[in-house]
Amino acid sequence: MKIAIASGKGGTGKTTIATNLALGLADKGKTVQLLDCDVEEPNCHIFLKPEIESSSAVTVPIPRVIEEKCTGCGICADVCEFSAIAVIKGKVLIFPELCHGCGACKLFCPEDAFIEVPRELGIVEEGKTNGIRFVHGLLNIGELMSPAVISGVKKAAGDPEILILDSPPGTSCPVIEAVKDAEFVLLVTEPTPFGLNDLELAVGMVRELNIPFAVAINRSDVGNEDVKEYCKREGIEIVLEIPDDRGIAEAYSRGEMVIHALPEYQKTFEACWTKITDLHEDALQVEQQGKTATES
Ligand code: SF4
Ligand code: SF4
């Protein structure tokens, strides 16, 4: 079971839910791995306090011109989809921070005038904590290519019973990279107009990706009923509601896990997981029925 915890905007409680779900399942004896894919601002480690065992660089191969071979034809600039190369007055200029390392310029250069050199974008660290295998990525300051580091985090995934991905917030490329091959997505929101707006965007994204999903509402007893009414209208299950509890805020500010500081929430997260696995099972059955119908 590979589940991504995502939200249309930051600060909704996504990390609280990802880390407490992971810890609750590990406490129950499941093999769990948590991937913190929010590589621009990873913070699962603040709560889980993993013991880091290894670290590796994430690099992208960027082109370097062998000037003696280059004729200044400009083909490399034409084929680069990311505007990472310009050829001005026969001289090749490369903008490394825009280069995605796709290799097209090298492939199409008629003079074989490129070599590739690695450029570090960030690091991936692996470790363990409280029975959870832990991986997170850290994008270097000023870098733009977070999807490459997210991909590096995902490559470090093992084969646990349950893989939980804490996605970056929003609905742009880094989020797609994090959630695209998840079997289920839990969308975290708050019952406010902003929360609803960003939830609608996130729902559009997971529907486009055709991934089964459900909603978790954090601070569910503040704001208004619009999120619940939206979910009802759209036939979206709400599998978790966490109240605006001062005890949670205090635990959060101390960097403590909710289910350890307030054990009564263990059952809340257990019930959420049961609903998620039921919905996932239903989605698998529907998919299987679709396949059977197509084959017959
Ligand atoms: S395609 Fe090759 S030869 Fe042409 S400008 Fe680029 S590096 Fe130079
Ligand atoms: S490797 Fe790809 S992205 Fe980078 S400069 Fe070449 S064509 Fe552009």
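Of note:
- Test: residue in the range 76-84 that is crowded, with 17+ Cβ neighbours inside 10 Å, within 16 Å of ligand 1 (Cβ to nearest atom), in contact (Cβ under 8 Å) with a residue 12 or more places away in the chain and of a type in the set (F, W, Y): no
Quick grid of which residues meet (1) more than 10 Å from ligand 1 (Cβ to nearest atom); (2) more than 32 Å from the chain's Cα centre (by Cα); (3) not in a strand (DSSP E or B):
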| position | (1), (2), (3) |
| --- | --- |
| P61 | yes, no, no |
| E68 | yes, yes, yes |
| G72 | no, yes, yes |
| G142 | yes, no, yes |
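- Residue list for the range 1-33, restricted to those being in contact with a Cys (Cβ under 6 Å, 6 or more places away or on another chain) and closer than 19 Å to G158 by Cβ: T19
- Qualifying residue in the range 92-105 (condition: within 9 Å of ligand 1 (Cβ to nearest atom), surrounded by fewer than 17 Cβ atoms within 10 Å (Cβ to Cβ) and outside the structural domain of N140 (by TED's automatic domain parsing)): no
- Within the range 168-181, the set of residues being crowded, with 24+ Cβ neighbours inside 10 Å and more than 21 Å from H100 (Cα to Cα) is empty.
- Sub-6 Å Cβ pairs linking a first residue in the range 103-125 that is closer than 20 Å to G72 by Cβ to a second residue that is more than 15 Å from ligand 2 (Cβ to nearest atom) and modelled with pLDDT of 95 or more, at least 6 apart or interchain, are E111/K69; E111/T71; A113/K69, ordered by first then second residue.
- Comparison of L93, L139 shows that the only residue that is in contact with a strand residue (DSSP E or B) (Cβ under 8 Å, 6 or more places away or on another chain) and under 30 Å from L25 (Cβ atoms) is L139.
- Against the criterion of being more than 10 Å from ligand 1 (Cβ to nearest atom), modelled with pLDDT of 95 or more, charged (D, E, K, R) and assigned by TED's automatic domain parsing to the domain that holds W273, D27 does not qualify.
- One residue from L121, L107 being in contact with an Asp or Glu (Cβ under 7 Å, 6 or more places away or on another chain) and either near ligand 2 (Cβ under 10 Å from one of its atoms) or under 29 Å from A156 (Cβ atoms) (or both): L121
The values are calculated or read from the model by the stated rules, or taken from the named source; none is laboratory data. These numbers were taken from a predicted model, which means no experiment stands behind them. Neighbour counts are summed over all protein chains in view; Cβ atoms, including those assigned to glycine, are modelled from backbone coordinates with ideal geometry.
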